[in-house]
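Enquirer: Let me give you the structure first, and then I'll get to my questions.
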Amino acid sequence: MAAFMEEDGLASEDLYAVLNVDRNASTDEINTAFRRFSKIFHPDKHLDDKKKKHAENMFNKIKKAHEVLSDPNKRPVYDQFGMKGLEIEGMELISKSKSAAEIIAELAKQEEERKLQQMTNPRGQVVIELNASDLFYNEEYEEYSSGLSGLEVSSMSLVQTVECPLTRRDTVRLGGNVTAQNGNGQGMFTTVWRRVWSAKGWNEFQVSIGNGFRGGLQAFYQINRRCFCVGSVSILAVPNGIKPGLSTVIAWQLDKNLQGKMLFNASMSSSSVKTLLIFEHQPYTAKLSLQLGVQMGIPANFIQAALSRKFTSHDAEVRVAGKLGTIESYIEYGIQKKISQFSWIGAKMMIGVPFGVYVQIRLVRGQQTFVFPVKLSEHIMPNVVFYGTFFPVIVYFAVRKLVVTPYLKEQEEEELEKRKKDHAETFAKQKEEAESAVELMMGTVERIIETEESKSGLIITKAVYGRLLSEGLLSEGELSEDECINVTIPLQCLVKDSKLQLPESKSKADIPGFYDPCPGVAKSLYIQYRFRDKLHETTVPDEEPIRLPLQSHAISEDSGGV
């Protein structure tokens, strides 16, 4: 009866759904639910040997759920860690000698240590800078151009880092980067040791070797709930001497949505003071962010602004920014979009002086980032801006329509087929258990229907669970045996005093008489019922609670029926 979980293939049973109780149910409510199901599934209630065996299996299932949820030590552990937390070696002895809080703390510590051993957090970034300015050269120079000109690689760089956790407080990060530009290459290997010395602070020590030597020390400290600071010192050893550097960042949370930062930088060749104001607001479906900054220093002075808006419902972000300074000035605009569970793609245009017009394509896959800055022109020209703005958008929609969407759909179908094949035996067992439970419910359901009919109460006329292709009145032709199951009897069995309540749960597949006909696919529950001799219907997503009857479910008899 269990549904799929992405981590482990098959999920453990939802014990709350087994007893059809809310996750906040009291012990008395849990005991009442157990007694109710015991009247249906207790082996002594059935004389037929086959039914007695099926009843014994179902009774053991609800008994296990009752034992866990009624135990003040086991229930909190189950709520936080699921059945895995209860299946560790020695749990029976531990639960008798330790409180629930102590058990949870111990399991959390074990889980943290396990994750610490597995965590390397590899990150990589590849930057390939392209020069496409020859594509937009003036026609009067066409006779001097080469047929092979148009697109060339200006530079390439590769950065890769991995983390090596030593203890809960100490982590070593190893990284390297190589860069090639105009036929010249250079590289550097970096080692960083971080020590977290309290909940309020940490420090890092960095050593880099390659083209010279670089050493640095950085520290973070949380001054209070609203203020923190970061300070760093560095030393760069080059053939012509040693160059020290110093930087400090102080940040204040001015109010709920507004943060201020001051950044101080000083070195042998430059120094600056920068002030930033960051405003962030999170409405229901979008996140708005505004940044304003001013820098005074040597040699660069500038003012800058950036506005971004994240659309959480569409997994997209739009950004507009501008900068006006003594060395460079530009405007930029762009968008990034999530294209799969672990992949993002983005593009932005940069128009300014002295660099001209750039378009940058950015692809993120997991912890790997690929960046492609493309130089379109050294001068600002309207036609270059037009092509640079709309060409990436057209390419994105074309690739998404012709490549990405079909690929993801094919991957999803292959994964579902693989899951069904790998767990075919388990599904067959779940289906058999559900059908056996329905058979055991028949006597109880007949009595409930007789009682409800005598007072024009709640009668479930049709109930379908699974992947529904449409909402509203369903005919048998609209149902797929592979993806939908009939759950009319299990729901009628849960009716009491002309009411039906199903609490919120991870999945309704664990309700007695249910099973998951299409694991890994979004499911719904369609219910058609009569109450006070009037036809009602509703369709509810798998995780949402149900409460019947409701006046809003009433439909006209002219629309159809069974």
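Enquirer: Return the sequence-ordered ³J(HN,Hα) values of the range 272-277 in whole Hz as given by the Karplus equation 6.51 cos²θ - 1.76 cosθ + 1.60 applied to θ = phi - 60°, using x for Gly and Pro.
Expert: Along the range 272-277, the couplings run 7, 10, 10, 10, 10, 10 Hz.
Enquirer: First select every other residue whose beta carbon is under 15 angstrom from the beta carbon of Gln282; then total the charges, Lys and Arg +1, Asp and Glu -1.
Expert: +1
Enquirer: Give me log10 I(q)/I(0) at q = 0.07, 0.13 Å⁻¹ for the chain, Debye formula, one equal scatterer per alpha-carbon, no solvent.
Expert: -0.68, -1.39
Enquirer: Residues with amide H under 5 Å of Ile339's amide H, sequence separation 5 or more or different chain, H placed in the peptide plane at 1.01 Å from N; which?
Expert: Residues meeting the criterion, in which the H sits 1.01 Å from N, are Trp344, Ile345.
Enquirer: Right, next: Among Asn177, Ser232, Pro545, which residue has its Cα furthest toward the positive end of the charge dipole of the chain, with +1 on Lys/Arg Cβ and -1 on Asp/Glu Cβ?
Expert: Ser232
Enquirer: Further, regarding this structure: Can you give the helix-only mean residue ellipticity at 222 nm for the chain, where every DSSP H stretch with n ≥ 4 adds -39500 (n - 2.57) and the sum goes over all residues, rounded to the nearest 500 deg cm²/dmol?
Expert: -9000 deg cm²/dmol
Enquirer: Right, something else. Using a cut-off of 22 Å between alpha-carbon atoms, which lysines can reach Lys499, once sequence neighbours fewer than 8 places away in the same chain are excluded?
Expert: Cα-Cα hits under 22 Å: Lys39, Lys455, Lys462, Lys508, Lys534.
Enquirer: Then there is this: Rounded to whole Hz and in sequence order, give me ³J(HN,Hα) for the range 77-83 from the Karplus expression 6.51 cos²θ - 1.76 cosθ + 1.60, θ = phi - 60°, writing x for Gly and Pro.
Expert: Per residue, the Karplus-derived 3J(HN,Hα) values read 5, 4, 4, 8, 10, x, 5 Hz.
Enquirer: So, one more: Note down the net charge around Ile361, summing +1 for each Lys or Arg and -1 for each Asp or Glu among other residues with Cβ under 13 Å from its Cβ.
Expert: +3
Enquirer: Mind checking the range 159-237 for trypsin sites (Lys or Arg not before Pro) that DSSP puts in a loop (not H, G, I, E or B) and that have at most 14 other Cβ atoms within 10 Å?
Expert: Sites meeting the loop and neighbour criteria: Arg168, Arg169, Lys200, Arg225, Arg226.
Enquirer: Under unit Cβ charges (Lys, Arg +1; Asp, Glu -1), what dipole magnitude, rounded to 20 debye, does the range 192-320 have relative to its Cα centre?
Expert: Taking the Cα centre of the range 192-320 as origin, the dipole is about 200 debye.
Enquirer: Quick check on the range 356-509: what does the Kirkwood estimate of hydrodynamic radius come out to from the alpha carbon pairs, in Å?
Expert: 21.6
Enquirer: What's log10 of I(q)/I(0) for the range 22-81 at q = 0.18, 0.19, 0.29 Å⁻¹, Debye sum over Cα points only, no solvent?
Expert: -0.65, -0.70, -1.13
Enquirer: Further question: Rounding to the nearest 20 debye, state how big the charge dipole of the range 321-415 is about its Cα centre with +1 on each Lys and Arg Cβ and -1 on each Asp and Glu Cβ.
Expert: Value, rounded to 20: 240 debye.
Enquirer: Let me ask something else. Treating only the Cβ of Lys, Arg, Asp and Glu as charged (+1, +1, -1, -1), what charge dipole size does the chain show about its Cα centre? Round to the nearest 20 debye.
Expert: Taking the Cα centre of the chain as origin, the dipole is about 2340 debye.
Enquirer: If amide H atoms are built 1.01 Å from N in the plane of the peptide, which residues on other chains or at least 5 residues away come under 5 Å of the amide H of Leu500?
Expert: The answer is Leu548.
Enquirer: Residue-wise, which Karplus ³J(HN,Hα) couplings in Hz belong to the range 498-513, taking 6.51 cos²θ - 1.76 cosθ + 1.60, θ = phi - 60°, and x for glycine or proline?
Expert: Calculated HN-Hα couplings, in order: 6, 9, 10, 10, 10, x, 4, 8, 5, 6, 7, 5, 8, 5, x, x Hz.
Enquirer: Projected onto the charge dipole of the range 317-467 (+1 at Lys/Arg Cβ, -1 at Asp/Glu Cβ, origin at the Cα centre), which of Gly334, Met441, Ala428 gives the Cα projection farthest towards the positive end?
Expert: Value computed over the given set: Gly334.
Just so you know, all these numbers are worked out from the coordinates, no wet-lab data involved. Bear in mind that the values here come from a model prediction, so they are computed numbers and not experimental data. We place every Cβ from the backbone using ideal geometry, glycine too, and count neighbours over all the protein chains shown.
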